[in-house]
Structures are given as structure tokens and as C-alpha cells.
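The values are calculated or read from the model by the stated rules, or taken from the named source; none is laboratory data. Note that the coordinates shown come from a computational prediction; the quantities given were computed from them, not determined experimentally. Cβ placement follows ideal geometry from the backbone for every residue including glycine, while neighbour counts extend to all protein chains displayed. For the accessible areas, the whole protein counts, side chains as well, though only heavy atoms, and no ligand, DNA or RNA atoms are used. Shrake-Rupley method; radii C 1.70, N 1.55, O 1.52, S 1.80 Å.
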Amino acid sequence: MDHVLHETLGKTIRDSFSGEPGYKVMLDSACGGQTILPLFISDKKGNETEICDVDILIAKDIKVKAIIEIEESDVTPNQICGKFLTSALASCYSDGKGPLHDLNSPIAFIQVLDKSKLNVPPAKKLKQWDNLEEAMCRILPVGNSQISVYKIFGFNGPEDPYEKQAALLIGFLKGWCYSILNK
């Protein structure tokens, strides 16, 4: 499968944090990285405790500050909510090397949805995404989850006006990452 939006966003996000001391942007292979980024439901590493793989993790030192999921094809409510819920259930992550790390600081969960391939009237789907985002925010935090912010960004694929869309996403991410460091 062609992951043009994954690769383009992965590079953009990695480059935007490259000069930030202590920050690490981890990318899965679809986003241009070399590994998978699994989340686990406990601190025991194994197939029985791994619950999902995410696209991008942004960490300050080893504390995850943001989880980013990119959907280029299936942008239905079930897919959107499922990705969020499995991540919210997780308590640990792996950077592909070494031991598991706790998800023990406030996390922003960002979903990037490709609206360039919508086959329904875009206005209705965009309103649906707005409603989903609002509903997700109402239930945060879910149980013991560290996810405290939820946001949907709709992209028109990696084409124009990609730079404007990416600037909004990067601005949100940096604002979130820097604000929680001061708490």
C-alpha cells in the first residue's frame, strides 16, 4: 500500500522537532521509520499484552507527549474510535529497542484523516468528524488513560494546501508539548 501522507507527515513532524532538546519523534515504517511502535496493556512485553501499533510517538526524554494516528483510507467512526480506544487502554509503549516505558504523563492523541478520497459529500463527513471530536473530548480522560487531549486534523492528502495544514498540526503539537512541560 502507498503511504504518501504517512511518509510526508512523518518527515514534516520529525524535521519540526529535530532541533528541540530532549525530544524524540518515533516513526513506524509506514511513516519512514525503521520499526513498529507497539502499545501494551501491561508492563509485560509479549503478543498477549500488545494491543496496537501506532504511527508516530513524540516523547520528551522517555515520556510520550503525543500519539499520532494517520488514516488514509478508512475514515469511518468505527475505525477512528477503535484506534483511539486501543491507545487509551495502553499503559506502556516500546520504541522498538530495549525495555517497555510507562505511558505516565499527559498525552495528546491526534488523528490525521485523509479527506481527499471521500466519496460522500465532504461537508457531511467533516461535520461527522467534528461531532466525533467533540464526543471524544467529553469522555476524556477514559479510566486511567493518560490521554487528556483529543484532536482530529483533516488533510487533503499530501498535496496542496499541505503546508498550511501541516503548519496547523505542528503548531498544535508544539503548543501542547511545551505547555505541559510547565505544569
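What the table below lists for this structure:
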read-out: Nearest 10 degrees, 0 to 90: helix 77-89 Cα axis against the chain principal axis; value: 10 degrees
read-out: Carbon/sulfur fraction of accessible area - the chain, other protein chains in place, 1.4 Å, %; value: 53 percent
read-out: Virtual spin-label span in nm between residue 137 and residue 35, 7 Å along Cα→Cβ; value: 3.4 nm
read-out: Fraction of antiparallel bridges per DSSP, the chain only, in percent to nearest 5; value: 55 percent
read-out: Cα gyration tensor shape of the stretch 1-98, rounded if a/c is under 1.5, else prolate or oblate by comparing a/b with b/c; value: oblate
read-out: Positive-pole candidate from 32, 84, 18, dipole of the stretch 1-121, charges at beta carbon; value: 18
read-out: Average Cα contact separation per residue, the stretch 72-183, under 8 Å, 6 or more apart, as relative contact order %; value: 29 percent
read-out: Probe 1.4 Å, accessible area per residue of the stretch 10-140, Å²; value: 47 Å²
read-out: For the chain, size of Cβ-based charge dipole, Lys and Arg +1, Asp and Glu -1, in debye; value: 560 debye
read-out: Residue pairs, from the table 11/60; 45/127; 11/83, whose Cα atoms sit over 29 Å apart; value: 45/127
read-out: Amide N proximity, the stretch 1-36 versus residue 164 label position 7 Å along Cα-to-Cβ, cut-off under 14 Å; value: none
